[in-house]
Amino acid sequence: MAGEAPINPYAPPAASIDGPALATGPGNDRFDRPLFSARQIGVAAFFGTVFAGVLLLQWNFRVMRQPGSANKTLGLGLLASLALIALLLVLPRPVSTPINIAVAFAMNKMAASWQGDAFFKHTIAGGARRSNWVVFGIIMATFAAVMVGMMAIFLAIGRLD
């Protein structure tokens, strides 16, 4: 038709596939489920594994109705966890503690950068924060899973007799 803009079939979609992170308007910043804080995510990454922090990070993305970001976080976090474990197995023992501290600090900062505003608005609007006991349980579960995996690998290659 005359006067209408032509449709570009190669243009990216205008809508976000993740949907809105927060509802618009005052008082709608609260999510229906509790969120983990950036500090809890950093603690999980330090005492558990990087994957423990990644699990908490992706939980928050799911609560905030961003499944695309949650899936990316989970996939890339699993790869990063495996790479870090492989790196720590070949590095000398004294180097592992500073690397673990740096990784936990980085996880804390990433969580604060990506989800800090949403968490702040959520708590100000009366939303709940996840329990530290849940964080402790996830830390213990991921730590146990890593230990079982490492024992299986060491048994398979004959380093444990």
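Of all residues in segment 119-161, those being over 23 Å from Met64 (Cβ atoms), touching a residue at least 40 places away in the same chain (Cβ under 8 Å) and not aliphatic (A, V, I, L, M) number 1.
Only one entry of Gly116, Gly127 meets the criterion of being surrounded by 12 or more Cβ atoms within 10 Å (Cβ to Cβ) and within 18 Å of the chain's Cα centre (by Cα), and that entry is Gly116. So, Ala83, is that one over 16 Å from Ile41 (Cβ atoms) and either in a helix (DSSP H, G or I) or of a type in the set (A, V, I, L, M) (or both) or not? Answer is yes for this residue. Selection of segment 96-113 for residues being surrounded by 12 or more Cβ atoms within 10 Å (Cβ to Cβ) and farther than 15 Å from Ala44 by Cβ yields Ser96, Ile99.
State whether the residues of segment 18-38 include one that is in a helix (DSSP H, G or I) and either modelled with pLDDT under 80 or surrounded by 10 or more Cβ atoms within 10 Å (Cβ to Cβ) (or both). Scanning segment 18-38, I find at least one residue that is in a helix (DSSP H, G or I) and either modelled with pLDDT under 80 or surrounded by 10 or more Cβ atoms within 10 Å (Cβ to Cβ) (or both), so the answer is yes. Scanning segment 89-118 for residues that are under 19 Å from Met147 (Cβ atoms), touching a residue at least 12 places away in the same chain (Cβ under 8 Å) and among the aliphatic types (A, V, I, L, M) turns up Ile99, Val103, Ala104. Looking across Gly77, Gly137, Gly68, one residue alone is over 12 Å from the mean Cα position of the chain (by Cα), in a helix (DSSP H, G or I), closer than 15 Å to Ile41 by Cα and not hydrophobic (A, V, I, L, M, F, W, C). It is Gly137.
The values are calculated or read from the model by the stated rules, or taken from the named source; none is laboratory data. Since this is a predicted model, take the numbers as computed values, not measurements. Positions of Cβ are generated from backbone atoms using ideal geometry, with glycine treated the same way; all protein chains shown enter the neighbour counts.
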